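Working notes, structure below.
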Amino acid sequence: MRPHSGIRVLSRLPEAWRQPLAVVGGVVAVAWLLIAAAAPLLAPHDPLAQDLPRLASPGPGHWFGTDQLGRDILSRIMYGARVSIPLTLLLVVLSLLIGGALGACAGYFGRWVGEGIMRLADLVFAFPTVILAMVVAAALGASLTNAVLAVLIVAWPSYARVTRGLVLGMREREFVLSGRLLGFSAWRSLRVDVLPNVTGPILVLATLDIGTALLLLSGLSFLGLGAKPPSAEWGAMVASGVEVFDSWWVATFPGLAILTVVLAFNFLGDTLRDALDPRTARAIKERAL
Amino acid sequence: MTSSALSVEDLRVSIGEQEILRGVDIALAPGRVHGLAGESGSGKTMTGLAALGLLPHGSRTAGRVTLGGRNLLDLPQRELNKVRGREIAMVFQDPATSLHPMLTIGRQLTEHMRHHLGLGRAEARARAIDLLGQVRIPGPAAAVDRYPHQFSGGMRQRVAIAIALACGPKVLIADEPTTALDVTVQAGVLRLLRGLCDDLGLAVLLVTHDLGVMSAVADDVSVMKDGLVVETGPRGRVLREPDHPYTRALLDALPREPSAARPGVIPGTPPVEGFDALPKEGS
């Protein structure tokens, strides 16, 4: 496979983006980002105020119902987007940066540095993700920050592994060698010659990972290892809904919020992958014709 | 030879138990093209890369590669980076892979000039346009802002040559520079190399397995086999009256006038499997 040229990638994007799932993913993701940004304007109630009837079923004035403390669930979900979505994005960006940097060093410099980093990654891979994240979160103490940290610790190795593989392949290319032979330093070679040519697949991984990261983060909150009451966090809201199972709306709506965000970002990730992979891009084009 | 621009003396490179170069001697003189011929795996490319101080991980090296009074094999990385690109440069076989696909030609031409020569942006750009003209790229002022994929193979190789020559090196290592090009384009690139060599007093090491290319442009010829230079001398003598049986066998293997006779097979194999893997370099 030839390295992606920026121009070719751009010209391939439109066809992939016109697929129905891509459109749905894009619309839903943008909608959630807008809700998160404009929650104070959109939310009908204060997410923490306990001034509504308790466990009221969905109806006028509280469209998603109220929880056992008389808080409006719709408003809490909107405010919850301000917690979950930015934290998830931050999480993915951080694990991409940390995993990517470690993987790039491992791939480019090889030898004992690379071996050390990759064995550390293998160590993390050896544990089931959720269990390890729980252990870390429990050890650090239950808080949202520690939950993010825990997810970060289990998330970076996949980036490290993918980046290392791509860098290993790219390092052997003649133009990378050529850069070294023009007298540039190893650091410059990695930064200018290698990294821009491996970012495509890593970005796809990151986009697909947004869903996983959100699930893991809400999962930790659900288990009581993340956000603390009374803060509006989707995982914690689902957990509180479990206590009042007859009032289905308490757990269902935050659950749907998680579901839609995860699906939307997965669709976006698939689209990005299709757009960046020449073979699928061609297949899409042929179908479109 | 005291006037040599680059001299390789008794260069030995081994990886593990395998000795890949077993005492190579080559001297490049300013204004002359030195052709280096030999079968695949005979150590031609390794010699070229070693001349730039680029050796595979975990290899052991002995001998000297002297450029401007310094032995490149002894230089620390920082010093080596100052020499590479500025005093000695390299052109690769396949211009499709030797140019960065995501940077404009102009960026690739100016970056090392600014780095090595400390030129300003405008100065470097002017010189880049000038260089593209020298390697006969049509419309050089527009070409600097294009990307490699917008050029044909022959043009890309000219661009690669322009990049190699940008900082005014004294020595150019050209590793099979025309192998990936078709025959008519080959001739143009070879003429260009020959012309640059004459005009700039450049010392060129032309690594090739193509004796036709060799006889077209080389002044001197060395023939390698199994990590050794088996014969070296002026082109006319080596190609017309070869001393070494291997050289003779190589020449006999060339297809001549249309004839039914199949080219003969030369006995022997390259020393290492998968030898062509490009060397890696660490920190």
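Quick notes on this one:
- Remark: mean inter-chain Cβ contacts per residue of A:167-175 equal 4, using a 10 Å Cβ-Cβ cutoff to other protein chain atoms.
- Sites A:Leu41 and B:Arg78 - FRET efficiency at Förster radius 60 Å, r taken between beta-carbons, to 0.05: 0.55
- Of the listed residues B:Tyr147, B:Tyr246, the order by accessible area with a 1.4 Å probe, largest first, is B:Tyr147, B:Tyr246.
- Spin-label model distance (nm) - B:Gln18 vs B:Asp210, 7 Å beyond Cα toward Cβ: 2.7 nm
- Over region B:1-77: Rg over Rh, Cα atoms, Kirkwood Rh: 0.96
- Averaged over the residues of B:98-105, the number of partner chain Cβ atoms lying within 10 Å of the residue Cβ comes to 6.
- Per-residue SASA entry for A:Asp51, accessible area with 1.4 Å probe, Å² rounded to 10: 110 Å²
- Seen against the Cα atoms of chain A and their longest principal axis, helix A:234-243 is set at about 40 degrees.
- Expressed as a whole percent, the accessible area of region B:62-179 that falls on carbon and sulfur atoms is 49 (1.4 Å probe).
- Leading residue at positive end of dipole, region A:164-258 (Cβ point charges), from A:Leu215, A:Ala257, A:Val192: A:Val192
- Gyration tensor (alpha-carbon) shape descriptor, the protein assembly as shown, a/c threshold 1.5: prolate
- Taking both sides together, the accessible area buried where A meets B is about 2700 Å² for a 1.4 Å probe.
- Distant-in-sequence amide H partners of B:Ala5 (H built 1.01 Å from N, under 5 Å): B:Leu28, B:Ala29
- Radius, Kirkwood style, for region A:80-183 when every pair of distinct Cα atoms is counted (Å): 15.0 Å
- Inter-label distance, nm, simple model (7 Å from Cα along the C-beta direction), A:Thr252/B:Ala126: 7.5 nm
- Of the whole protein surface, B:Asp226 contributes about 50 Å² of accessible area at a 1.4 Å probe radius.
- Between the helical axis of B:183-200 and the longest alpha-carbon principal axis of chain B there is an angle of about 70 degrees.
- For B:His57 and A:Ser143, a Förster radius of 45 Å and the Cβ-Cβ distance give a FRET efficiency of 0.45, rounded to the nearest 0.05.
- Largest GNM mean-square fluctuation across B:Val83, B:Val159, B:Val183, computed for chain B with C-alpha springs under 10 Å, falls on B:Val183.
- Region B:21-59 residues near the modelled B:Arg248 label - backbone nitrogen below 13 Å, point 7 Å along Cα→Cβ: none
- Ordering B:Val185, B:Thr45, B:Gln150 by the projection of their Cα atoms onto the charge dipole of region B:44-191, which places +1 on the Cβ of Lys and Arg and -1 on the Cβ of Asp and Glu, puts B:Thr45 at the extreme positive end.
- Here's the picture: charge each Lys and Arg Cβ at +1 and each Asp and Glu Cβ at -1 in region B:99-209, and of B:Gly168, B:Gly106, B:Gly201 the one pushed furthest to the positive end of that dipole is B:Gly106.
- Peptides B:48-56, B:11-19 ranked from most to least packed give B:48-56, B:11-19, packing being the mean of other C-beta atoms within 10 angstrom over each peptide's residues.
- Here the extension length gained between B:Asp145 and B:Leu117 equals 7.9 nm, from 0.36 nm per residue of separation less the Cα-Cα distance.
- Other protein chain Cβ atoms within 10 Å, averaged over every residue that makes up A:78-90: 0
- Computed magnitude of the charge dipole of region B:106-253 (debye, nearest 20; Cβ of K, R +1, Cβ of D, E -1): 600 debye
- Placing +1 on the Cβ of every Lys and Arg and -1 on the Cβ of every Asp and Glu, with no other charges, gives the protein assembly as shown a dipole of roughly 920 debye about its Cα centre.
- Bridges between two residues of the protein assembly as shown, per DSSP, are antiparallel at a rate of about 60%.
- Taking all protein chains together, A:Lys228, B:Lys44 sort by accessible area into A:Lys228, B:Lys44, largest first [probe 1.4 Å].
- Heavy-atom SASA rank of A:Tyr79, A:Tyr159 (probe 1.4 Å, accessible area, largest first): A:Tyr79, A:Tyr159
- Here the label points at A:Trp187 and B:Glu241, each 7 Å from Cα along the C-beta direction, are separated by 5.9 nm in the simple model.
- Here the calculated FRET efficiency for B:Val183 and A:Leu97, from their Cβ-Cβ distance with R0 = 41 Å, stands at 0.25, rounded to the nearest 0.05.
- CD proxy at 222 nm, helix term only [per DSSP H run n ≥ 4: -39500 (n - 2.57); per residue of the protein assembly as shown; nearest 500]: -17500 deg cm²/dmol
- Assuming charge only on the beta carbon of Lys and Arg (+1) and of Asp and Glu (-1), the dipole of chain B about its Cα centre is about 860 debye to the nearest 20.
- Just checking the listed ones, B:Lys225, B:Lys170, B:Lys82: in the Gaussian network model of chain B with Cα springs under 10 Å, the one fluctuating most is B:Lys82.
The values are calculated or read from the model by the stated rules, or taken from the named source; none is laboratory data. In this text, all values refer to a predicted model and were calculated from it rather than measured experimentally. Virtual Cβ from ideal backbone geometry, glycine too; neighbours counted across all protein chains shown. Remember, those area values only see protein heavy atoms, side chains included, never the ligands or the DNA or RNA. Shrake-Rupley method; radii C 1.70, N 1.55, O 1.52, S 1.80 Å.
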